[in-house]
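Notes follow once the structure below has been shown.
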Amino acid sequence: MENYIVEMLNITKEFPGIIANDDITLKLKKGEIHALLGENGAGKSTLMSVLFGLYQAEKGIIKMNGKEVKINNPNDANALGIGMVHQHFKLVEVFTVLENIILGVEPNKMGFLQESEAKEKVLYLSEKYGLKVNPDALIEDISVGMQQRVEILKMLYRDNEILIFDEPTAVLTPQEIKELLKIMKDLANEGKSILFITHKLNEIMEVSDRCTVLRKGKYMGTVDVKDTTKEELSRMMVGRDITFTVEKEEAKPKDVVLSIKNMTVASKIHKNNAIRDVSFDVRAGEIVCLAGIDGNGQTEFVHALTGLEKLVSGSIKLCGKDISRSSIRQRSMGGMSHIPEDRHKHGLVLDYTLEENLVLQRYWQKQFQNNGFIKFGEVRKYAEDLIERFDIRSGQGPETITRSMSGGNQQKAIIAREIDKEHELLVAVQPTRGLDVGAIEYIHKQLVDRRDAGKAVLLISLELDEVMNVSDRILVIYEGEIVGELNPKETNVQELGLYMSGAKRNTSKEIKNEG
Amino acid sequence: MDIVYYLVQNMLPVAIPLLLVALGGMFSERSGVINIGLEGIMLFGAYFGALFVYNVQGTSMGPQTILLLGMLIAGIAGFLYSLLLSFAAVSMKANQVISGTALNMMIPAAVLLFSKMFFNSDGITTNKNFYIREIPILGDIPVIGQLFFQRTYLTVIIGFVFLAIATIVLYKTRFGLRLRACGEHPHAADSVGINVYKMRYAGVSISGVLAGIGGYFYSVGVMDGNVNGHTGVAGFGFLALAVMIFGQWKPIRIMFAALFFAFLRTLAYSVSLIPFLFNLGINQTYYKMLPYLATMLVLALTSKKSRAPKAEGIPYDKSQR
């Protein structure tokens with residue numbers, strides 16, 4: 001019989017209208033990295049919250065080192081040596097790194113803080129595990145990657161032996177992900193036991209020893225990672241075969257739908273312009289991808305295009321009409337649909353119901369209102385229709401508060417709303433961010449569908465796989481300028497990377513001639 | 001020079017209530033609860049403090065002893081009254097501004113009612129004199145002695161002691177660190193095992209104690225030991241909120257802000273003594289508007305840069321993450 005440090009046996013946890021965990025068993029060995037895989041809403045986070053004491057399970061027991069334990073709150077978990085890096089960091093922005101690490105377990109004499117003592121320990125730990133941080137820096141001044149290191153140090157400072165990472169790579173750049181995975185391996189080698197929640201198969205294959213798969217709240221099994229493949233894992237997770245490549249036919253571009261001329265947009269952060277003299281066209285029936293590393297002006301570009309921000313100079317034409325100065329509503333009515341980068345901020349009113357969100361782009365139309373009074377019956381019918389067609393899953397149907405929905409279904413709701421309204425151009429900004437393979441496949445399919453229906457699609461993406469797979473034409477943006485136009489069939493990831501990092505560029509003349 | 005001495009001597013007793021109440025507001029907001037009920041808590045504390053003075057003024061107790069005991073009672077009264085806000089805003093998750101406003105509306109009426117019932121007047125009038133002509137030894141120091149230790153009240157020294165304590169508690173103790181965490185990111189505090197509700201109760205209670213004492217010191221240092229249901233504390237509770245914002249929720253800055261407002265008020269009441277201002281021939285009533293005008297101006301100018309505790313005003317709900 002093997003020794004497990006943590007055993008979660010037959011855990012069942014219900015929420016109103018949904019069984020989040022149905023008879024799930026998870027056993028963690030000491031010193032291993034154990035991945036917990038599942039789609040959005042499969043119950044991964046709930047299971048971990050049960051282990052961390054944020055929720056109490058209705059059925060099932062938790063054993064540590066063979067003895068049954070009760071975990072009623074995070075304090076209990078902490079006392080048992082269980083620590084967690086939450087997906088959304090729990091850091092006080094105006095505190096220093098050190099203050100955040102010691103918060104809750106402050107070394108003190110008669111209530112007075114003894115910071116120097118704490119600092120020594122933090123510096124020792126950061127040295128030992130290669131977690132570079134500056135203890136005196138304010139959280140708000142440091143990068144996301146460093147904030148995550150602070151979260152890890154928080155656990156190490158508490159001498160936690162079991163470390164839970166809740167989708168830790170979702171917020172990181174590729175470089176930072178590499179560093180994190182190395183740190184996780186080092187921690188495991190030091191004897192820490194790691195639970196790694198994720199839906200990114202590559203990361204699982206790279207670092208974990210074993211993997212437990214959940215699907216819709218049910219236990220699908222635990223496998224040794226070295227004996228399995230990505231395909232098998234994804235089949236366990238989704239319940240069917242997943243294609244990692246997008247199947248599509250040759251694009252047949254027709255008329256120009258979107259024409260951008262010499263667009264310049266100011267930056268909110270620095271004095272220089274975020275977008276400088278950018279010109280390109282998007283035609284009906286093609287997917288053009290604006291690729292680049294995060295922070296090269298994509299956000300400002302999209303904001304200017306969709307009307308959230310003003311242009312400094314230049315013009316935007318949509319279906320031949322100049323919309324450079326049009327309001328957001330006018331642009332939307334003129335045929336622009338927008339899947340925004342930040343679905344919480346710009347995509348949904350989180351505390352509205354699903355049906356209210358679905359009708360946000362058209363509640364004023366005659367179909368849905370009469371002299372200013374909303375026809376709720378019509379709204380309900382429409383929402384139910386969209387929910388059915390786009391397979392939006394939620395606890396209470398049209399009446400679900402969107403905040404409570406999983407990320408993938410929130411994104412489906414936005415896509416349903418934007419695609420179902422009249423449009424000629426679909427602007428999709430990082431539409432698959434933070435989503436699992438099933439949802440990604442679905443969204444890619446929708447984008448290709450739009451293209452085949454003769455619409456123009458402008459995709460803004462940071463994911464190289466997505467750029468290469470989905471687009472018909474790639475424009476690379478670097479420091480606010482288009483530095484290259486590539487054909488995905490004639491290029492490869494390496495070349496694309498060189499353009500994205502600014503190491504290579506076509507002359508701007510070439511681009512204009514081609515466009 | 002005499003005018004300077006006179007202004008400072010008169011400014012300090014006015015500044016101290018503002019300082020204490022603003023510090024109270026700071027503790028409350030740093031824990032995440034907006035305490036707009038400071039005005040009401042002040043009057044509540046002042047009323048009980050004055051009631052105590054009224055009852056013991058005939059005994060042989062010395063004035064400074066009475067002042068200290070009165071302070072204790074005012075502090076306790078303020079604490080008890082503030083529990084109403086804690087209960088509504090923290091335990092019951094009510095809207096903090098509305099709950100605070102309710103505290104403000106109840107007290108002037110209650111003071112008037114009870115004063116009419118028991119004293120047949122609009123408030124409580126006491127005849128104890130807390131004024132100190134000169135503090136021994138310290139008062140003899142040249143310049144400083146004249147500025148700070150002559151023609152003053154014990155309240156001034158107590159006020160600065162509270163300031164020192166507040167600064168240390170907020171920045172140097174475990175309690176202070178946890179309190180600030182609850183006002184900035186209560187979920188983070190909760191996730192490391194800090195009881196957010198308890199800390200918020202503590203924050204509001206400290207503000208209750210300080211506002212109660214502040215109200216009492218207002219009646220001692222500004223109103224000669226009297227309390228009046230009509231004029232209350234003349235908007236000092238709201239002024240203290242402005243002082244707190246102007247002071248950016250930081251104790252030392254709050255002190256300077258309190259001195260600034262107190263100076264304007266003292267200046268306004270001393271126009272007849274300052275030939276330059278007197279000769280301008282402006283009706284003196286306009287000068288009395290100064291602190292209040294300055295409040296509006298200061299808030300309008302600083303509000304864009306000001307950085308309130310991030311989670312203030314939002315009732316803490318464990319389940320929302």
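Scanning residues 5 or more positions from A:C289 or on other chains, those with amide H under 5 Å from its amide H are A:L459, A:D472, A:R473, A:I474, A:L475, with H placed 1.01 Å from N in the peptide plane. For the stretch A:401-414, the Karplus equation 6.51 cos²θ - 1.76 cosθ + 1.60, evaluated at θ = phi - 60°, returns couplings of 6, 5, 4, 7, 7, 6, x, x, 6, 4, 5, 4, 4, 5 Hz by residue, with Gly and Pro reported as x.
With no solvent and one equal point scatterer placed on each C-alpha of chain B, evaluate the Debye formula and give log10 I(q)/I(0) for q = 0.07 Å⁻¹, two decimals. Computed log10 I(q)/I(0) values: -0.28. Take the stretch B:1-93, drop everything but the C-alpha atoms, weight them equally and run the Debye formula without solvent; then report log10 I(q)/I(0) at 0.20 Å⁻¹ to two decimals. These q points yield log10 I(q)/I(0) values of -1.00. Evaluating 6.51 cos²θ - 1.76 cosθ + 1.60 at θ = phi - 60° for every residue in the stretch B:39-51, the Karplus couplings come out as 4, x, 5, 4, 5, 4, x, 4, 5, 6, x, 5, 4 Hz, glycine and proline recorded as x. Selection among B:V222, B:Y286, B:P251 by position relative to the dipole of the stretch B:180-305 gives B:P251 as farthest towards the positive end (Cβ unit charges, Cα centre).
Over the C-alpha trace of the protein assembly as shown, radius of gyration and Dmax come out as 32.6, 103 angstrom.
Diagonalise the Cα gyration tensor of the stretch A:4-238 and give the resulting equivalent ellipsoid semi-axes, square root of 5 times each eigenvalue, largest first, whole Å.
Rounded to whole Å, the semi-axes are 30, 21, 16.
Summing Cβ point charges (Lys, Arg +1; Asp, Glu -1) relative to the Cα centre of the stretch A:345-421 gives a dipole of roughly 180 debye. Sorted into 5 angstrom bins from 0, the C-alpha pair distances of the stretch B:186-321 split as 2, 8, 13, 17, 16, 15, 11, 7, 4, 3, 2, 1, 0 percent. Over the stretch A:345-421, the ratio between the Cα radius of gyration and 2.2 N^0.38 Å evaluates to 1.01. Measuring between alpha carbons in the structure, the pairs from A:K70/A:K185; A:K27/A:K218; A:K90/A:K192; A:K109/B:K310; A:K248/A:K445; A:K44/A:K128 lying more than 19 angstrom apart are A:K70/A:K185; A:K90/A:K192; A:K109/B:K310; A:K44/A:K128. For B:E134, the residues 5 or more places off, or on other chains, whose built amide H falls under 5 Å of its own are B:R151. DSSP beta bridges confined to chain A are antiparallel in about 55 percent of cases. About the centre of its Cα atoms, chain A shows a dipole size close to 880 debye [charges on the beta carbon of Lys, Arg (+1) and Asp, Glu (-1) only; nearest 20 debye].
So what's the projected area for the stretch A:83-152, the Cα convex hull averaged over all directions, in nm²? The partial results should precede the final answer.
Working: hull surface 18.9 nm².
The orientation-averaged projected area of the Cα hull of the stretch A:83-152 comes to 4.7 nm².
In the context of the full set of protein chains, residues of chain A present 45 Å² of accessible surface per residue (probe radius 1.4 Å, heavy atoms only).
Quote the charge dipole size of the stretch A:99-139 about the Cα centre in Debye, to the nearest 20; the model charges only the Cβ of Lys and Arg (+1) and of Asp and Glu (-1). Each step should come with its number before you reach the end.
Details: 5 positive and 7 negative charges, 27 e Å.
For the stretch A:99-139, the charge dipole is close to 140 debye.
For A:R283, the solvent-accessible surface computed with a 1.4 Å probe is close to 80 Å², ligands and nucleic acids excluded. Pairs of alpha carbons in the stretch A:1-144 separated by more than 21 Å make up 56% of all such pairs.
Taking Cα atoms only, the orientation of helix B:196-221 departs from the longest principal axis of chain B by about 10 degrees. The phi-based Karplus calculation (6.51 cos²θ - 1.76 cosθ + 1.60; θ = phi - 60°) puts the 3J(HN,Hα) values of the stretch A:466-483 at 5, 4, 5, 7, 8, 7, 9, 8, 10, 10, 9, 9, 9, 6, x, 10, 7, 9 Hz, whole numbers, x for Gly and Pro.
Keeping the other protein chains in place, figure out the carbon and sulfur percent of the accessible area of chain A, with a 1.4 Å probe. Mind dumping the intermediate values first?
Working: 11180 of 23350 Å².
Here it works out to 48 percent.
When you count the other C-beta atoms within 10 angstrom of each residue and take the mean per peptide, A:71-80, A:298-307 line up highest first as A:298-307, A:71-80. The heavy atoms of A:E14 present about 90 square angstrom of accessible area, all protein chains included, probe 1.4 Å. Tell me which of B:I144, B:L68, B:N95 sits at the most positive position along the dipole axis of the stretch B:2-320, charges placed on C-beta atoms (Lys, Arg +1; Asp, Glu -1). Among B:I144, B:L68, B:N95, the one farthest towards the positive end of the dipole of the stretch B:2-320 is B:N95. By the rule of a C-alpha distance below 21 Å, with chain neighbours fewer than 8 residues away ignored, the lysines paired with A:K261 are A:K310, A:K317, A:K321, A:K455, A:K509, A:K512.
The values are calculated or read from the model by the stated rules, or taken from the named source; none is laboratory data. Values in this document were obtained by computation on a predicted structure and should not be read as measured data. Cβ: placed from backbone, ideal geometry, glycine included. Neighbour counts: every protein chain shown. In case anyone asks, the SASA skips ligands and DNA or RNA and just uses the protein heavy atoms, side chains included. Shrake-Rupley method; radii C 1.70, N 1.55, O 1.52, S 1.80 Å.
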